[in-house]
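Inspection log for the structure reproduced underneath, given as structure tokens.
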Amino acid sequence: MEFSHKPVLLDECISGLNIRPDGIYIDGTAGGGGHSLAIAEKLTSGRLIAMDRDPEAICAAKKRLSKFSDRVLFLNRKFSEMGEAVRELGISGVNGILLDIGVSSYQIDNPERGFSYMADAPLDMRMDQNCGLTAADIVNGYPAGEIEKILYEYGEERWAKRIAAFIVDKRENGRINTTFELNEIIRKAVPAGARADGSHPSKRTFQALRIAVNNEMGELNSALECGTEILAPGGRFCVITFHSLEDRAVKRFFAEKAKGCVCPPQFPVCVCNQKPTLIQVTRKPLEATAEELENNPRSHSAKLRIAEKI
């Protein structure tokens, strides 16, 4: 299957990165190479480090950026490891970082990966199929309380307790192996009245399982910390999110790093000695234009936040 990727908020990202032709940049989620290609095109003596935890994504990005091989380094690594990567390369600081959080179009559209509730496939959902637990491991092995917690916290699923109970009850009669088997369990667990809003009843559960399988929130939080550390002064940090959990994490992190002092308000003077390390370039997130929404429906929930290293 072709690794297709229509980059979201492309113009806004390139503008936000404020690319220097001789700068060093990281695309931590290379995917199909859409954003990476646009960055590479603006470089001359500069370099781009294109990272992705999915080996198939790295192969696709290499193919798409083949004519820029002299200025792009491809790494099959998680973006939470970008700090280690630049230190291993002997780089003291980078001029910009881009993260496009979440699952790629290819991963969703490839039925074999198990990300989509619209196709029958093994319950996998791993972004790197060479390691880690699968969605099937969670639904078949976790206790009901843990499954409920995952569905509620990562999917904001109001029927989390009921769905978890139905999953545990079903697996007593045999292992749950496929996306359609899980779909059927969710359909029975969610009351008919709650399914009348038109959205697929499995949407939130699949999102939650994917986030848990890939430790997406943990990876994001780690990447925000190490990314800020390796940015050179004036370097830009651009992060695209697709749901409220991610956006809140980025919003809170950028705000805290821009504030600096964490002393209680009643303290007459600062005693924590924490100084601001970032400037929030965007107080409110940038969203897709009407034109982009028409051309790329998957951009409808995308939010871009940008910060600059002091």
What figure in square angstrom, to the nearest 10, would you give for the accessible area of R175 with a 1.4 Å probe? 130
Over the chain, calculate the relative contact order: mean separation of alpha carbon pairs under 8 Å at least 6 apart, over the residue count, as a percent. 18
Ranked highest first by the average count of other Cβ atoms within 10 Å around their residues, in what order do 278-288, 100-110, 11-21 fall? 100-110, 11-21, 278-288
Taking protein heavy atoms only, a 1.4 Å probe, and rounding to whole percent, the accessible area of the chain owed to carbon and sulfur comes out at 50
Kindly rank 213-225, 262-274 from highest to lowest mean number of other beta carbons found within 10 Å of each residue. 213-225, 262-274
Using the Cβ atoms and a cut-off under 12 Å, what net charge is assigned to the surroundings of G141, where Lys and Arg are +1 and Asp and Glu are -1? 0
Relative packing of 200-206, 31-37, 242-248, which averages over residues the other C-beta atoms within 10 Å, highest first: 31-37, 200-206, 242-248
Note to self: with every protein chain in place and a 1.4 Å probe, the stretch 187-266 gives an accessible area per residue in Å² of 43
Taking the chain as a Gaussian network, where each spring joins two C-alpha atoms under 10 Å apart, which residue of G145, G93, G155 fluctuates the most? G145
To the nearest Å, what is the center-to-center distance of the stretch 16-57 and the stretch 61-91, using C-alpha atoms only? 8
When only Cα pairs under 8 Å and 6 or more residues apart are kept, what is the percent relative contact order across the stretch 168-310? 24
Which one, [x] 139; [y] 155; [z] 123, gives volume of the Cα convex hull per residue in Å³ as derived from the coordinates shown? [y]
How much area per residue is accessible in the stretch 37-119 when the probe is 1.4 Å and only protein heavy atoms are counted (Å²)? 44
Quick check on my link table: of K78/K275; K62/K309; K251/K303; K6/K251, which ones sit more than 20 Å apart, alpha carbon to alpha carbon? K78/K275; K62/K309; K6/K251
Excluding residues fewer than 8 places away in the same chain, name every one of the aspartates and glutamates whose C-alpha is closer than 18 Å to that of K188. D120, E148, E157, D169, E172, D197
At 0.36 nm per residue, minus the direct Cα-Cα distance, what do V271 and R298 gain on full extension? Give it in nm, one decimal, please. 5.1 nm
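The values are calculated or read from the model by the stated rules, or taken from the named source; none is laboratory data. What you see is a predicted model; the values in this text were computed from it and never measured. With ideal geometry, Cβ positions are generated from the backbone for all residues, glycine too; neighbour counts draw on all protein chains shown. Accessible surface areas use protein heavy atoms only, side chains included; no ligands, DNA or RNA. Shrake-Rupley method; radii C 1.70, N 1.55, O 1.52, S 1.80 Å.
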